[in-house]
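I have placed the structure first, in the form of C-alpha cells, so that the comments after it can refer back to it.
The values are calculated or read from the model by the stated rules, or taken from the named source; none is laboratory data. Worth saying up front: this structure is predicted, and the values here are computed from it rather than measured. Cβ coordinates were reconstructed from backbone atoms using ideal geometry, including for glycine residues, and neighbour counts include every protein chain displayed. Note: accessible area is taken over every heavy atom of the protein model, side chains too, but ligands, DNA and RNA are not part of it. Shrake-Rupley method; radii C 1.70, N 1.55, O 1.52, S 1.80 Å.
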Amino acid sequence: VLAVSMLVYAFANIASAIAPNYWTLMGVRIVLAVGAGVFAATATGTAALLAKPEARTRAIAVIVGGSTLAVALGAPMGALIGNVMSWRAAFLSLGIVSLLVAAAVWFMLPKLPGTPLPLRERLLVVTRPGVSRALLVTLVALSAPFSLFTYIAAFAKQTGVTQDLLPLVLVAFGGGAVIGNYVAG
C-alpha cells in the first residue's frame, strides 16, 4: 500500500507537470492528495506495527516529524525550482523523487502479512466514540497551515516579499512548523 500510494503521488506530480489547463491540474492534484493521504496514514500505522511496543509512540512521532520536515524543506525547494526553472519543473522534480521513494519503500520495508479489511469496515471506525471529533480537530488544525501554503505567494506579494525571497519565507514557516511539532511532541 505504501509503495502504490507513493506511485500514485509520483505519477500525479508528473501529470501535474504536463497538465494542459487549470482544471486538469486541479483534478490531478485531487488524485495526488488521495495518494498522499493514504501514504501518510499507512506510514503511521506501519511505523507503529514495525516498532517494539515501548517505541511505538516514538515511531509515530518520527513519521509525523518527517512529514513536517518534508513540507518545511520541500515547499522552499519547490519554490526555488519554480523560480529558477518553472512550476512544471518543480512538479516534475517531485515526481521523479517520489518514484525513487516508491522504489526504496518497495525494496527496503519487510513484506508483512496483513489482514485485509473491507473499505466499509475501515470507514466504520468513524462511528467509534470520539473518533469523529478527533478527525474534525485534525482537519481544522491542518487546514490553517495548508491554506497559508496555498496563498503564501499572494500574501508575500501583498507584503512586499519578492519571488526571490519566497523560498526563505517558506523555510522560516517550515522551521517554525518543525519547532512547533517538536515542542508539542
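Here is how the numbers come out for the structure above:
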{"quantity": "Dipole of the chain, positive end: most advanced residue of Val171, Leu92, Val105 [Cβ charges, Cα centre]", "calculated": "Val105"}
{"quantity": "Local net charge near Asn83, Cβ-Cβ under 14 Å (Lys/Arg +1, Asp/Glu -1)", "calculated": "+1"}
{"quantity": "For the range 106-159, the spread of Cα positions along each principal axis, largest first, Å", "calculated": "53, 38, 15"}
{"quantity": "Span-like helix ranges in the chain, DSSP H, alpha carbon extent 30 angstrom or more, Kyte mean at least 1.6", "calculated": "87-108"}
{"quantity": "For the chain, accessible area per residue (1.4 Å probe, heavy atoms of protein chains only), Å²", "calculated": "69"}
{"quantity": "Neighbour net charge for Ala47 - beta-carbon separation under 13 angstrom, K R +1, D E -1", "calculated": "+3"}
{"quantity": "With every protein chain in place, the range 61-185: carbon and sulfur % of accessible area (1.4 Å)", "calculated": "74"}
{"quantity": "Rg/Rh for the range 73-167, where both radii come from Cα atoms and Rh is the Kirkwood radius", "calculated": "1.13"}
{"quantity": "Cα convex hull of the range 31-108 - mean projected area over all directions, nm²", "calculated": "5.6"}
{"quantity": "The chain, relative contact order in percent, only Cα pairs under 8 angstrom and at least six apart counted", "calculated": "31"}
